[in-house]
Amino acid sequence: MKRSQKAFTLVELLVVVSIIALLISILLPSLKRARGQAKQIVCGSQQRAIAGAMWNYWTENNSRVPEVISPMTNGVGAEGFGDASIPDDAIDPFYNPTRGYAPVPSKTIWNQSLPNILMPTQMGADEKVFRCPAAIVGWPRKEKPFRMTYRVAAANQPNGDENLNAESPYLKEHFGFLDGRMYKMPKPAHQAGKDFMSIIRFAQDQAAARGTVLRDMVKQVGQDLVGPHKGGTVVINKRFEVEVRSQKTMNEDLAPAGPGAVKF
């Protein structure tokens, strides 16, 4: 007596395939969002480590911020990331013979880059902390993976302008912030006073806090700036706190406020 063999019919197989396809279409966006959120959390964690190292520097150096000379600039009028004619080797922010690298003639030594100032005395020697896993722009420009994807408010940051004594809040308080100055932290919101002068000082503190010590590198798409976290960025503010800023807020902060300037 022969046993009957059961098998899927073509219709049943198509139904199963359709259900699987439907489940995938439902789950994939959630998985993508989860991956993006995880990368943002990692980016924030790494920036907290950098902020902690800068805080250590600040406390150990008579309340002075480090004087940073960074290759991660626009490259306008000075050697930097934004000048496509400058080779990647020449803007290596990690290269420093005193940290064990053999001298390489083609490389420029950035002794005062943020990594070279903070590593290894303030934060160990793990270079990965300077790389956001969601980065869309970074150094090296011509090969992957990126090794540094954060832009620093270095003393030479204002488009290569070395005249940091100019009366300009753009130069002195925003992109050129890490210039070795003695720095008093802005007060957080809950410490703001009620009297008129305190309200004015609080407004000034809030404006100063909109500026950033360090942030994700972004790229321009049409008229908009786009960051790696749903179009936005993760930043270290002037209180050495880590914030997530939306694409809208980021574009408001970096929108031109005049020739060669930004709002914050």
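Please state which of the following conditions residue 219 fails to meet, knowing it meets all the rest: (1) at pLDDT 80 or above; (2) surrounded by 14 or more Cβ atoms within 10 Å (Cβ to Cβ); (3) closer than 20 Å to residue 43 by Cα.
(2) is the only condition that residue 219 fails.
Considering (1) touching a residue at least 40 places away in the same chain (Cβ under 8 Å); (2) out of contact with any His (no Cβ under 7 Å at 6 or more places or on another chain), say which one residue 21 fails and leave the rest.
(1)
In region 212-238, what count of residues is obtained for those that are closer than 25 Å to residue 133 by Cβ and free of Cβ contacts under 8 Å to residues at least 60 places away in the same chain?
First, pick out the residues of region 212-238 that are closer than 25 Å to residue 133 by Cβ: 212-221, 224-237.
Among the residues that remain, those that are also free of Cβ contacts under 8 Å to residues at least 60 places away in the same chain are: 212, 220-221, 224-225, 231-233, 237.
So the answer is 9.
Might you check whether a residue that is within 29 Å of residue 117 (Cβ to Cβ) and modelled with pLDDT under 65 occurs anywhere in region 177-195?
Step one: list which residues in region 177-195 are within 29 Å of residue 117 (Cβ to Cβ), which gives 177-188.
In the following step, the residues that additionally are modelled with pLDDT under 65 were identified as 187-188.
Yes, that holds for at least one residue.
Would region 136-155 turn up any residue that is in a helix (DSSP H, G or I) and of a type in the set (A, V, I, L, M, F, W, C)? Working first, answer last.
Step one: list which residues in region 136-155 are in a helix (DSSP H, G or I), which gives none.
The answer is no; no qualifying residue exists.
Can you tell me which residues in region 43-99 are of a type in the set (Phe, Trp, Tyr) and either touching a residue at least 40 places away in the same chain (Cβ under 8 Å) or loosely packed, with under 14 Cβ neighbours inside 10 Å (or both)?
Step one: list which residues in region 43-99 are of a type in the set (Phe, Trp, Tyr), which gives 55, 57-58, 81, 94-95.
Once the filter is applied, which keeps residues that are of a type in the set (Phe, Trp, Tyr) and either touching a residue at least 40 places away in the same chain (Cβ under 8 Å) or loosely packed, with under 14 Cβ neighbours inside 10 Å (or both), region 43-99 yields 55, 57, 58, 81, 94.
Filter region 54-77 down to residues that are in contact with a Ser or Thr (Cβ under 9 Å, 6 or more places away or on another chain) and of a type in the set (A, V, I, L, M, F, W, C) and give me whichever is farthest from residue 118 (Cα to Cα).
Ranking the candidates gives 72 first.
Would it be correct to say that residue 98 is among the hydroxyl-bearing types (Ser, Thr, Tyr), assigned to a loop (DSSP other than H, G, I, E, B) and modelled with pLDDT under 85? Spell out the reasoning first.
Working: among the hydroxyl-bearing types (Ser, Thr, Tyr): yes; assigned to a loop (DSSP other than H, G, I, E, B): no; modelled with pLDDT under 85: yes.
Against the criterion (among the hydroxyl-bearing types (Ser, Thr, Tyr), assigned to a loop (DSSP other than H, G, I, E, B) and modelled with pLDDT under 85), residue 98 does not qualify.
Exposed (fewer than 11 other Cβ atoms within 10 Å of the Cβ), small (Gly, Ala, Ser) and modelled with pLDDT under 70 - does that describe any residue in region 20-32?
Yes, region 20-32 contains at least one residue that is exposed (fewer than 11 other Cβ atoms within 10 Å of the Cβ), small (Gly, Ala, Ser) and modelled with pLDDT under 70.
The values are calculated or read from the model by the stated rules, or taken from the named source; none is laboratory data. Quick caveat, the model's predicted, so the values are computed rather than measured. Positions of Cβ are backbone-derived with ideal geometry, glycine not excepted, and every protein chain shown enters the neighbour counts.
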